[in-house]
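S.K.: One structure, pasted below without further comment.
The values are calculated or read from the model by the stated rules, or taken from the named source; none is laboratory data. Everything numeric in this text was worked out from a predicted model, so none of it was measured. With ideal geometry, Cβ positions are generated from the backbone for all residues, glycine too; neighbour counts draw on all protein chains shown. The area values use the complete protein model at the heavy-atom level, side chains included, leaving out ligands, DNA and RNA. Shrake-Rupley method; radii C 1.70, N 1.55, O 1.52, S 1.80 Å.
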Number of protein chains: 2
Amino acid sequence: MPVLVVGSIGLDTVKTPIEEHADLLGGSASYAAVSASYFTGVNLVGIVGDDFPKTHVDYFQSRGIDLAGMQIAPGKTFRWSGEYHWDMNTRTTRSTDLNVFEHFTPTLPPAYVETPYVLLANIAPALQIHVLDQMRRPKLVIADTMNLWIETAKSDLLELLKRVDMLILNDSEARELTGETSLIKAGSSIRRLGPKYVAIKKGEHGCLLFGDNLFFSCGAYPLEDIHDPTGAGDTFAGGLAGYLASRNDSEITFEKLRKAVVYGSVLASYNVEAFSLERMRTLSLHEIEERYQMFKLMSHFEVLE
Amino acid sequence: MPVLVVGSIGLDTVKTPIEEHADLLGGSASYAAVSASYFTGVNLVGIVGDDFPKTHVDYFQSRGIDLAGMQIAPGKTFRWSGEYHWDMNTRTTRSTDLNVFEHFTPTLPPAYVETPYVLLANIAPALQIHVLDQMRRPKLVIADTMNLWIETAKSDLLELLKRVDMLILNDSEARELTGETSLIKAGSSIRRLGPKYVAIKKGEHGCLLFGDNLFFSCGAYPLEDIHDPTGAGDTFAGGLAGYLASRNDSEITFEKLRKAVVYGSVLASYNVEAFSLERMRTLSLHEIEERYQMFKLMSHFEVLE
């Protein structure tokens, strides 16, 4: 079954302590859609300007991503520029130019409204809600968010949370949203706001998954070098949603979600090995499965005798 | 087989955002010895003043800890006072009174020199080396350390590292010791300094274990409330060393070490549930095994079909 992915599509300029690259393919929907495409068909909803390079359109299409929902508007594509600090864990936004994204209304093509799996990648909660308003009884709705929306659009976000099955956010955002210092309390607290499941991403420390009296702790793949963390969270969300859509089980179980979290982590671990989506261009399903097995090995320990 | 534990024995005053308690049993050797005592006999090496409460001596003895190596010197017992910040992850030392610890020379009773398993809990590397100098061919030597020694006694520490099988330290210390921001690089880098195995503790994020092309990522137990993190690392080291000593396998394999890391994590997770060693006073082996199974469950995910 296909997954609908809505979010930003942009051109990024990224600086790390080692290199800087300009006008790279970026945006939450770009990362999430490409990641999901390893498992299932993707209906992409977003907006680009008339300057959006055809090579990127071709790349999306080569991944089997349906672009009927990608609007091309007169003007410039959304642009973001950021700089990572020496530890690669923190970054400063240097500039954000919304451009055509400023007046974006995600209107779904009729063929999209019955897509059973929905990933509301990171955009304003009001837009995420607007997409949900157009959907007909989706089977599973997953939303990603960020600190900006917690700080500037909290009431929209709280409204959204009542309507999603799963929320994905990072550790500092979970603390900010709930006012809890303990991530364990934060996870439970967010579940009380609506989502049945919560995934808290911890970057180099992996990810925590919360369900109803259920808990899963997933480590991060032991990478020696991270070249560009941009899009790691979006790639995680895309891999997770794509895997679940590809299964299309009659019931979403915690077991399946755990596996989806590992797949998401695998995809994200590959993504940060190169700038933008460069690593994804050569990534094979075989490599994904190989690293999935490595995750299994590195978290394995013996049962009690 | 017994484990020799050397380190500090002290009286702690600990303040958290919620409560404050004075003159609690503390010190790296106290935590490590009690933790190890769940698995095997312990030969404790340390020093206390003549003001050291008999109740603490009785407690050590009730745990089957041999105290022939615990010197009682005229004067006051080592005292430490610290305050945890709101997030319980960082703390400030309010005072350190070395007292009798200032002129401590860990001289081993003759009966201790052939103890096959050695845990050099956190004390000055020169003292850790002095203990090793007295040992006869120990089977496994594990050392714990801290930022203070990296900053003030680095050459001693580097000397020590050539003589230990395993180093335990926390994430910020691993970064400080190696100058590497990546914990994965730091782990490998420390192995090149001597220890065949390195365990990097990450507090609420669990622990990483490094061996020769071997890697294990262990999550932390999902505790909602942490009452006193003091001694968590020492308890971890004690549980780890105690379990390995109790096995006394002809060869220390990575498989056994993984299990030891989980046992250490279980002990530490219990320890932080109450101030000082209070939780340990009622902790049973059954509870330890129960939580070991929980660690197994919370890190489990399905293999590929």
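S.K.: With (1) farther than 26 Å from B:P74 by Cα; (2) in contact (Cβ under 8 Å) with a residue 12 or more places away in the chain as the list, and B:T92 as the residue in question, which single condition is left unmet?
M.R.: The number of the failed condition is (2).
S.K.: Would you mind stating whether A:L25 is farther than 27 Å from A:P110 by Cβ and open to solvent by less than 30 Å² (accessible area, probe 1.4 Å)?
M.R.: Yes.
S.K.: Ok, one more. Please state which one of A:A73, A:A33 is open to solvent by less than 30 Å² (accessible area, probe 1.4 Å) and closer than 25 Å to A:Y263 by Cβ.
M.R.: Result: A:A33 is the single residue among A:A73, A:A33 that is open to solvent by less than 30 Å² (accessible area, probe 1.4 Å) and closer than 25 Å to A:Y263 by Cβ.
S.K.: Consider A:A260 carefully, then state whether it is buried (at least 24 other Cβ atoms within 10 Å of the Cβ), in a helix (DSSP H, G or I) and more than 14 Å from every other protein chain (Cβ to nearest Cβ).
M.R.: Answer is no for this residue.
S.K.: Here is a check on your reading of the model: is B:L209 away from chain A (no Cβ under 12 Å), of a type in the set (A, V, I, L, M) and on the phi < 0 side of the Ramachandran plot?
M.R.: Spelling it out, it is not the case that B:L209 is away from chain A (no Cβ under 12 Å), of a type in the set (A, V, I, L, M) and on the phi < 0 side of the Ramachandran plot.
S.K.: Also: Being open to solvent by 10 Å² or more (accessible area, probe 1.4 Å) and within 14 Å of another protein chain (Cβ to nearest Cβ), is that true of even one residue in the range B:228-239?
M.R.: Yes, the range B:228-239 has at least one match.
S.K.: Suppose we filter A:S276, A:S284, A:S299 for residues that are away from every other protein chain (no Cβ under 11 Å), touching a residue at least 40 places away in the same chain (Cβ under 8 Å) and open to solvent by less than 80 Å² (accessible area, probe 1.4 Å); which single one remains?
M.R.: Among A:S276, A:S284, A:S299, only A:S276 is away from every other protein chain (no Cβ under 11 Å), touching a residue at least 40 places away in the same chain (Cβ under 8 Å) and open to solvent by less than 80 Å² (accessible area, probe 1.4 Å).
S.K.: Looking only at residues in the range A:194-219 that are among the charged types (D, E, K, R) and touching a helix residue (DSSP H, G or I) at 6+ places or on another chain (Cβ under 8 Å), which one is least open to solvent (accessible area, probe 1.4 Å)?
M.R.: This residue is A:K202.
S.K.: Residues B:I18, B:I47, B:I65: which one is aliphatic (A, V, I, L, M) and modelled with pLDDT under 95?
M.R.: Only one candidate qualifies: B:I18.
S.K.: Could you please find all residues in the range A:246-272 being more than 30 Å from A:K15 (Cα to Cα), touching a helix residue (DSSP H, G or I) at 6+ places or on another chain (Cβ under 7 Å) and either hydrophobic (A, V, I, L, M, F, W, C) or in contact (Cβ under 8 Å) with a residue 24 or more places away in the chain (or both)?
M.R.: Of everything in the range A:246-272, those that are more than 30 Å from A:K15 (Cα to Cα), touching a helix residue (DSSP H, G or I) at 6+ places or on another chain (Cβ under 7 Å) and either hydrophobic (A, V, I, L, M, F, W, C) or in contact (Cβ under 8 Å) with a residue 24 or more places away in the chain (or both) turn out to be A:I252, A:A260.
S.K.: Could you check, for the range A:60-76, whether at least one of its residues is among the polar types (S, T, N, Q), out of contact with any Asp or Glu (no Cβ under 7 Å at 6 or more places or on another chain), assigned to a strand (DSSP E or B) and in contact (Cβ under 8 Å) with a residue 12 or more places away in the chain?
M.R.: yes
S.K.: Any chance the range B:96-115 includes a residue that's within 14 Å of another protein chain (Cβ to nearest Cβ), within 29 Å of B:D225 (Cβ to Cβ) and modelled with pLDDT of 95 or more?
M.R.: Within the range B:96-115, none of the residues are within 14 Å of another protein chain (Cβ to nearest Cβ), within 29 Å of B:D225 (Cβ to Cβ) and modelled with pLDDT of 95 or more.
S.K.: Being within 9 Å of chain B (Cβ to nearest Cβ) and closer than 21 Å to B:M298 by Cα narrows it down to one residue among A:K196, A:K202; which is it?
M.R.: A:K202
S.K.: Condition first: in contact (Cβ under 8 Å) with a residue 60 or more places away in the chain and in a loop (DSSP other than H, G, I, E, B). Now tell me which residues in the range B:110-127 satisfy that.
M.R.: Of everything in the range B:110-127, those that are in contact (Cβ under 8 Å) with a residue 60 or more places away in the chain and in a loop (DSSP other than H, G, I, E, B) turn out to be B:T115, B:P116, B:A121, B:N122, B:I123.
S.K.: Let me ask something else. Being among the aromatic types (F, W, Y) and open to solvent by 70 Å² or more (accessible area, probe 1.4 Å) is the filter here, so list the residues in the range A:82-109 that pass it.
M.R.: Result: A:W86, single match.
S.K.: Tell me the residue from B:A143, B:A174 that is touching a residue at least 12 places away in the same chain (Cβ under 8 Å), buried (at least 17 other Cβ atoms within 10 Å of the Cβ) and either under 21 Å from B:E255 (Cα atoms) or not small (G, A, S) (or both), please.
M.R.: The conditions single out B:A143.
S.K.: Continuing with the same structure: Can you find a residue in the range B:98-111 that is hydroxyl-bearing (S, T, Y) and closer than 28 Å to B:P2 by Cα?
M.R.: yes
S.K.: Of all residues in the range A:219-256, which are of a type in the set (A, V, I, L, M, F, W, C) and either over 22 Å from A:A29 (Cβ atoms) or assigned to a loop (DSSP other than H, G, I, E, B) (or both)?
M.R.: Matches in the range A:219-256: A:A220, A:L223, A:I226, A:I252, A:F254.
S.K.: Quick check: anything in the range B:109-119 within 17 Å of the chain's Cα centre (by Cα), under 26 Å from B:K76 (Cα atoms) and not acidic (D, E)?
M.R.: Yes, that holds for at least one residue.
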